[in-house]
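Structure, as structure tokens:
The values are calculated or read from the model by the stated rules, or taken from the named source; none is laboratory data. The model shown is predicted, which means the values in this text are computed figures rather than measured ones. Every residue, glycine as well, gets a Cβ built from its backbone with ideal geometry; the counts of neighbours run over all protein chains shown. Just so you know, the surface numbers come from the protein's heavy atoms only, side chains and all, with ligands and any DNA or RNA stripped out. Shrake-Rupley method; radii C 1.70, N 1.55, O 1.52, S 1.80 Å.
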Amino acid sequence: MKEAKSGYLKAGETTNTQAELEYTMYHWGPLLFKTTVSPDDIKALRAICDKADETWSDNLAGIIKGEYKIDSAAYTKIIKPYLKAYQAAYKTWYSLNLRGVETTAAWVNYMKAGESNPPHIHHNCHLSSTIILDLPEVVKQEQKDWKGTGEGPAALNFFVANPQNFHTNSLGFKGEVGDFFIFPWNLTHSVNNFRSDATRVTLAANFKILDDNIFENGNENGKEKA
């Protein structure tokens, strides 16, 4: 089998070779970025969350009692290396440079049995995110025992438009501690409820893109307007 051509691929393009035939796939839609936060950084983030006492529920869509605003500056200091990785992914996906982002809000969610986060989007930001800080074993076992369709209890779901033939319109993740997702503000997402007597802990944050946002000014070729 010959190797695929090497060199620069434009945004959303993957080239491969199968059975002597080279093919190219073009990935459309929003960038859904996922990485893994180290155990030490998870511990540091949990320490920030433990200090949170300002209720943030009035600003959120979640059917969750325990939602608290955290120190954005302390949070940003810890996640900077992961944001650099996101910048690289942004360049690959959109063929655009992302010079930096600013955290506009960050909060912790203590999700208990019967609670959920219905399908929603975020406002007053460009990007949003979530980090799984704790997923108890009893909840993982509930996921394993699930007999229905989809990813089941406590799953994180993302949706693009309505279901269509030959389209991937949704992605679901059971999740693991350390999972860190970053996505556009208008990517619809939700979290399923669970029945176990436990607490699923996540840390969410919104970001503002600091450089010129071509997706808002309509100049998607990245060039200056005349």
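Using a simple charge model, +1 on the beta-carbon of Lys and Arg, -1 on the beta-carbon of Asp and Glu, nothing else, what dipole does the range 112-226 show about its Cα centre, in debye to the nearest 20?
Working: 10 positive and 14 negative charges, 49 e Å.
Rounded to the nearest 20 debye, it is 240 debye.
Candidates THR104, LEU83, THR24 compared by Cα position along the dipole of the chain: farthest toward the positive end lies THR24, with charges placed on Cβ.
Rolling a 1.4 angstrom probe over the protein heavy atoms, how many square angstrom per residue are accessible across the chain?
Numbers: 13420 Å² over 226 residues.
For the chain, the per-residue accessible area is 59 Å².
Under the convention that each Lys and Arg Cβ holds +1 and each Asp and Glu Cβ holds -1, the size of the dipole of the range 124-183 around its Cα centre is about 200 debye. Computed over the chain, the percent of Cα pairs more than 33 Å apart is 23. In the P(r) worked out for the range 82-199, what percent of Cα pairs fall beyond 19 Å? The share of Cα pairs beyond 19 Å in the range 82-199 comes to 54 percent.
Less than 13 Å Cβ to Cβ from LYS208, Lys/Arg counted +1 and Asp/Glu -1: what total charge do the surrounding residues give?
Numbers: positive: ARG99; negative: GLU102, ASP211, ASP212, GLU216.
Value of the local net charge: -3.
Looking at the chain, identify the longest residue range that excludes and avoids all GluC sites (Glu not before Pro) in DSSP loops having at most 15 other Cβ atoms within 10 Å. Answer - 21-175.
Other residues with beta-carbon under 11 Å from the beta-carbon of ASP41 carry, at +1 per Lys or Arg and -1 per Asp or Glu, a net charge of +3. Across the range 24-52, the residues whose backbone nitrogen lies under 16 Å from the label position 7 Å along the beta-carbon direction of GLN164 are 26-30. Among VAL177, VAL160, PRO118, whose Cα lies farthest out toward the positive end of the dipole of the range 103-189, if unit charges sit on the beta carbon of Lys, Arg (+1) and Asp, Glu (-1)? In the range 103-189, that residue is VAL160. By its C-alpha gyration tensor, with a ≥ b ≥ c as the square roots of the eigenvalues, how is the range 147-207 shaped: rounded for a/c under 1.5, else prolate for a/b larger than b/c, else oblate? Oblate.
Here is the size of the range 56-119 from its Cα atoms: Rg then Dmax, 15.3, 42 Å. Of the candidates ALA155, ALA205, ALA106, which one comes out as most mobile in a Gaussian network treatment of the chain with C-alpha springs shorter than 10 Å? Between ALA155, ALA205, ALA106, it is ALA155 that shows the largest mean-square fluctuation. Positive contributions from Lys and Arg (+1) and negative ones from Asp and Glu (-1), summed over other residues with Cβ under 14 Å from the Cβ of ALA113, come out at +1.
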